[in-house]
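Visitor: First the structure, which I've put down as structure tokens, then a few questions once you've had a look.
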Amino acid sequence: MLEIGKISSGEFLILVIIFMIGGSILNVPAFLVKIAKQDAWISYMITTLISLCFVFLYNKLASIYPSKTYVEVNEKILGKWVGKISALLFLFYILYLLSALLYEIGSFSTTQILVGTPIEMIMVLFLLTSIIGVRLGLEVISRTALIFFPWIVFMLFMLFLLLIPDIKLEHIQPIFEGMKPIIKGSYQTLALPYVQLVFFLMIMPYVNEKDEMKKNFYRGTLLGGMVLFLVIIFSILVLGTDITALQNYPSYRLGKRLSVGGFLERIEVIVAFIWILSVYFKLTICYYGLSLGLAQVLGLKNHKILHFPLAFLIFAFSIITHPNTVHSQNFTAKTWTPFSLTICFLLPVLLLVIGILKKKRSILKATKG
Amino acid sequence: MWAIIGTVFTGAIISFFEIPQLIKNKCWREVSVFILLLLVGMTLSILLIKNVTIPNPLDWITKIYNPFASFMERILS
């Protein structure tokens with residue numbers, strides 16, 4: 001056993017919510033509003049409902065071999081070599097996800113908060129903090145998330161509550177202007193972040209109460225989707241579609257509008273706090289899953305030794321893959337959705353079908369013999 | 001120059017702390033994977049410091065998915 005820690009289903013719920021918020025809260029509003037204009041919120045609602053089907057798929061896949069991670073399930077169902085290749089594809093996806101997250105938080109900090117600081121420095125500091133968490137194991141990560149979760153909720157609550165006076169209802173009118181932009185928006189946000197939830201197949205075997213965990217997977221997806229939905233609709237209502245689409249980080253701009261009674265101004269850093277915390281936890285559990293999965297593919301006894309070499313790799317990868325923001329935005333707009341759908345939707349469906357057939361055949365054999 | 005020295009030094013420190021224990025426990029597979037990954041990561045970092053253009057894997061992925069992406073674009077616009 002590579003991991004002996006166990007987490008409860010409540011901690012799993014919190015991890016799902018934080019995973020949903022982290023990263024996506026930065027770039028989803030601007031990206032979606034650019035496509036669907038003032039109907040972006042309808043578009044995101046549709047995506048959230050569709051995503052429940054994905055969660056259903058992942059839950060089914062998890063129940064074929066409840067005590068095996070996704071990488072092991074791959075090898076068990078597809079055979080040794082094909083399974084290893086498909087697991088490596090999945091791990092490459094996680095590696096890209098990690099480097100993209102690192103790039104996102106780095107570029108956010110260097111353009112908005114710490115202007116002039118080299119992006120590499122922020123990435124290194126973030127990775128080092130993340131390594132501390134990964135080395136301590138899954139239990140420590142999820143319990144730390146448990147400690148910081150109330151803060152995230154509190155700050156989100158503050159953000160939404162203090163923005164209510166600034167709402168202008170005319171910003172979302174006219175509602176429902178044509179079906180095509182809405183569908184296009186839903187298609188483009190399928191992978192931001194819903195199909196990324198396939199990652200949780202890596203840590204599902206270490207959750208204690210399986211039935212409760214499956215319910216919590218649905219709940220976490222809905223709650224995380226609701227937070228993102230609120231962020232999008234508040235961006236539209238407060239800033240208007242034009243400003244939201246122009247900004248790189250509209251929710252940060254949202255924070256600049258906060259003011260308490262005219263004497264407490266410029267408290268946008270509380271928004272940045274939500275991001276830094278949620279991105280940190282997303283980064284850490286993805287990192288953890290990557291090193292665990294790689295150790296399982298290569299058949300190692302211990303995944304702790306992989307942490308530092310992987311840090312080098314992630315760091316180099318995040319600089320190579322995104323030379324600049326335009327490149328990253330183009331990739332997200334064009335290739336990200338089909339790429340994620342292949343790895344996070346087609347492969348699991350294939351695995352599920354073959355796995356069910358294999359199980360049925362083994363049951364048939366057992367009854368005949 | 002200093003950045004390269006720093007990178008190599010970091011790699012050396014990491015190996016100094018990790019490898020002796022692995023050799024003591026005779027985990028040869030782990031040692032080889034560790035050294036291979038570290039070398040790949042360090043080579044990439046040093047090439048980046050030297051400003052060598054490294055082929056971007058995302059561009060290959062974009063090329064593979066280009067037909068599908070433009071098909072979806074045509075349908076949805």
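Visitor: Starting from the 7 Å offset along Cα-to-Cβ, what nm value, one decimal, do you get for the label separation of residue B:28 and residue A:358?
Guide: Those two pseudo-labels are separated by 3.1 nm.
Visitor: May I pose another question? Please give the helix A:307-321 orientation as an angle from the longest Cα principal axis of chain A, in degrees from 0 to 90, rounded to the nearest 10.
Guide: Long axis of A:307-321 versus the principal axis of chain A: about 50 degrees.
Visitor: Find the centroid of the Cα atoms in segment A:125-200 and in segment A:207-277, then give the distance between the two in whole Å.
Guide: 6
Visitor: Given H placed 1.01 Å from N in the peptide plane, which residues other than close sequence neighbours of residue A:207 have an amide H under 5 Å from its amide H?
Guide: A:7
Visitor: Counting other Cβ atoms within 10 Å of each Cβ, which trypsin sites (Lys or Arg not before Pro) in chain B have at most 12 and sit in a DSSP loop?
Guide: B:26, B:50
Visitor: Let me ask something additional. Please check which bits of segment A:321-345 a label hung off residue B:59 would reach, taking the label as a point 7 Å along Cα-to-C-beta and the cut-off as backbone N under 20 Å.
Guide: A:321-336, A:339, by backbone N distance to the label point.
Visitor: Can I ask one more? Along the three principal axes, how long is segment A:193-284 when you take its alpha carbons, biggest first, rounded to the nearest angstrom?
Guide: Its Cα atoms span 49, 26, 22 Å along the three principal axes.
Visitor: Please state the relative contact order of chain A as a whole percent: Cα pairs under 8 Å, 6+ residues apart?
Guide: In percent, rounded to a whole number, it is 39.
Visitor: Let me ask something else. For A:275, A:81, what's the largest-to-smallest order of accessible area, 1.4 Å probe?
Guide: A:81, A:275
Visitor: What base-10 log of the normalised intensity I(q)/I(0) is obtained for the protein assembly as shown from the Debye formula, alpha carbons as equal point scatterers, at q = 0.09, 0.13, 0.14 Å⁻¹?
Guide: Here the Debye-derived log intensity ratios amount to -0.60, -1.25, -1.44.
Visitor: Okay, moving on. For residue A:37, list the lysines whose Cα falls under 18 Å from its own Cα; do not include residues on the same chain fewer than 8 positions away.
Guide: Partners found: A:168, A:180, A:184.
Visitor: Another one. Please give every one of the lysines within straight-line cross-link reach of residue A:365, meaning a C-alpha to C-alpha distance under 19 Å, and leave out same-chain neighbours fewer than 8 residues apart.
Guide: Output for residue A:365: A:76.
Visitor: In addition: Per residue, what volume in Å³ does the convex hull of the Cα atoms of segment A:19-149 enclose?
Guide: Taking only Cα atoms, segment A:19-149 has a hull volume of 168 Å³ per residue.
Visitor: Can you give me the % of accessible surface on the protein assembly as shown that is carbon or sulfur? Probe 1.4 Å, all protein chains present, nothing else counted.
Guide: C and S atoms contribute 70 percent here.
Visitor: Mind pulling the angle between the C-alpha long axis of helix A:40-64 and the longest principal axis of chain A? Nearest 10 degrees, somewhere in 0 to 90.
Guide: The angle comes out at about 20 degrees.
Visitor: For helix A:24-36, report the angle its Cα long axis makes with the longest principal axis of the Cα atoms of chain A; keep it between 0 and 90° and round to the nearest 10°.
Guide: That helix lies at roughly 70 degrees to the long axis.
Visitor: Another question, if that's okay. In what sequence, largest accessible area first, do A:146, B:22 appear using a 1.4 Å probe?
Guide: Heavy-atom accessible area, descending, gives A:146, B:22.
Visitor: Over 30 Å between Cα atoms, which of A:84/A:304; A:282/B:24; A:256/B:63 qualify?
Guide: Listed pairs above 30 Å: A:282/B:24; A:256/B:63.
Visitor: Shifting gears a bit: Quick one: compute a quarter of the convex hull surface over the Cα atoms of segment A:219-350 and quote it in nm².
Guide: Mean projected area of the Cα convex hull: 11.9 nm².
Visitor: Still on this model: What does the accessible area per residue of chain A come to in Å², with a 1.4 Å probe and no ligands, DNA or RNA counted?
Guide: Accessible surface, normalised per residue, equals 40 Å².
Visitor: With labels modelled as points extended 7 Å from the Cα through the Cβ direction, what inter-label distance (nm, one decimal) is found for residue A:242 paired with residue B:2?
Guide: So the two model labels end up 4.8 nm from each other.
Visitor: Let me ask you something else. Give the interface area between chains B and A as buried accessible surface, both sides summed, probe 1.4 Å, in Å² to the nearest 100.
Guide: Using a 1.4 Å probe on protein heavy atoms, the buried area is about 3100 Å².
Visitor: Now for a separate question. How much accessible surface area, in Å² rounded to 10, belongs to the heavy atoms of residue A:242 with a 1.4 Å probe?
Guide: 110
Visitor: Turning to a different aspect of this structure: Specify the longest stretch of chain A that does not include any exposed loop site, a site being one of the GluC sites (Glu not before Pro) with a non-H, G, I, E, B DSSP assignment and at most 13 other Cβ atoms within 10 Å.
Guide: Longest gap between qualifying sites, sites excluded: A:1-176.
Visitor: Find the centroid of the Cα atoms in segment A:53-119 and in segment A:287-326, then give the distance between the two in whole Å.
Guide: Centre-to-centre (Cα) distance: 11 Å.
The values are calculated or read from the model by the stated rules, or taken from the named source; none is laboratory data. Predicted, not measured: the structure shown is a model, and the values here were computed from it. Reconstructed Cβ throughout: ideal geometry from the backbone, glycine too, with neighbour counts over all protein chains shown. The accessibility values were calculated without ligands, DNA or RNA, using every heavy atom of the protein model including side chains. Shrake-Rupley method; radii C 1.70, N 1.55, O 1.52, S 1.80 Å.
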